[in-house]
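**Student:** So that we are looking at the same thing, I have put the structure below in structure tokens.
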Amino acid sequence: MKREDISPIRVRKDHDFYDWDSYLNMYWAPVKLVSENHCFEVDATRSMHHMFVRTFDGTREDPQLLTRLKHRPTNWRKAIKSGDWTCFKEPVGFEGSPTLLTPPGIADIKWVELYDKWRPLIPPESRTIKWFNEDPGLERRNKVSSNSEAARATRAARTKTKVSAAEAARMATAATVEAS
């Protein structure tokens, strides 16, 4: 069934998996003095370098200069003093490009499980992710096995939090016998 009010947006591998935060942090400074909900406006016809912030509609507007110092227009100080925003209509000159993010992958135990347990159930033409196609290898399997054994031993060594009265009496007696 297709819904008319839903418009899916495809993830674009060539655009959506880049480190845009680090890249844009070279050009834009964080917004200052915002510790509660504010109304804000970014208007390129007024300034390409400012965000105009106010606490709520009708209060004094506070323009915040967002571009980092080396990317501001040359006469930006004089423009702020005079209130002339025309020099701030120049676009910010972006250079270079963001770096591609490295996918985080999955935990080794999940890789082993996908390959050993679920791979036989999935038809070969549907095995599109690497964890179904690449054997995790002996080293990764041994690591998963030793981690599982260590976790099992840790769980067994934990003290019980809910103990019946009879079991508590038996444990107290055992501790007394050990101490003597």
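**Student:** Where in segment 16-94 are there strands (runs of 3 or more DSSP E), lying wholly inside it, with at least 3 residues that are more than 30 Å from Pro104 (Cβ to Cβ) and in contact (Cβ under 8 Å) with a residue 40 or more places away in the chain?
**Tutor:** Qualifying strands (runs of 3 or more DSSP E): none found.
**Student:** With the structure loaded, tell me whether Phe132 is under 20 Å from Pro30 (Cβ atoms) and either of a type in the set (A, V, I, L, M, F, W, C) or outside the structural domain of Pro30 (by TED's automatic domain parsing) (or both) or whether it fails that test.
**Tutor:** Considered against the rule, which asks whether it is under 20 Å from Pro30 (Cβ atoms) and either of a type in the set (A, V, I, L, M, F, W, C) or outside the structural domain of Pro30 (by TED's automatic domain parsing) (or both), Phe132 comes out as no.
**Student:** Let me ask something additional. Consider Val31 against the criteria (1) surrounded by 14 or more Cβ atoms within 10 Å (Cβ to Cβ); (2) under 30 Å from Pro103 (Cα atoms); (3) of a type in the set (A, V, I, L, M, F, W, C): it satisfies all of them except one. Which criterion is unmet?
**Tutor:** (1)
**Student:** Which residues, counting only those in segment 95-115, are under 30 Å from Val144 (Cβ atoms) and in a loop (DSSP other than H, G, I, E, B)?
**Tutor:** Leu101, Thr102, Pro103, Pro104, Gly105, Ile106, Ala107, listed by residue number.
**Student:** Residues of segment 116-147 being among the hydroxyl-bearing types (Ser, Thr, Tyr), in a helix (DSSP H, G or I) and either modelled with pLDDT under 90 or under 27 Å from the mean Cα position of the chain (by Cα) (or both), which ones?
**Tutor:** Passing the criteria: only Ser126.
**Student:** When only residues in segment 60-77 that are among the polar types (S, T, N, Q) and under 35 Å from the mean Cα position of the chain (by Cα) count, which is surrounded by the most Cβ atoms within 10 Å (Cβ to Cβ)?
**Tutor:** It comes out as Thr67.
The values are calculated or read from the model by the stated rules, or taken from the named source; none is laboratory data. Note that the structure is a prediction, hence the values are computed from the model and not measured. Here the Cβ is made from the backbone with ideal geometry for all residues, glycine too, and neighbour counts use every protein chain on show.
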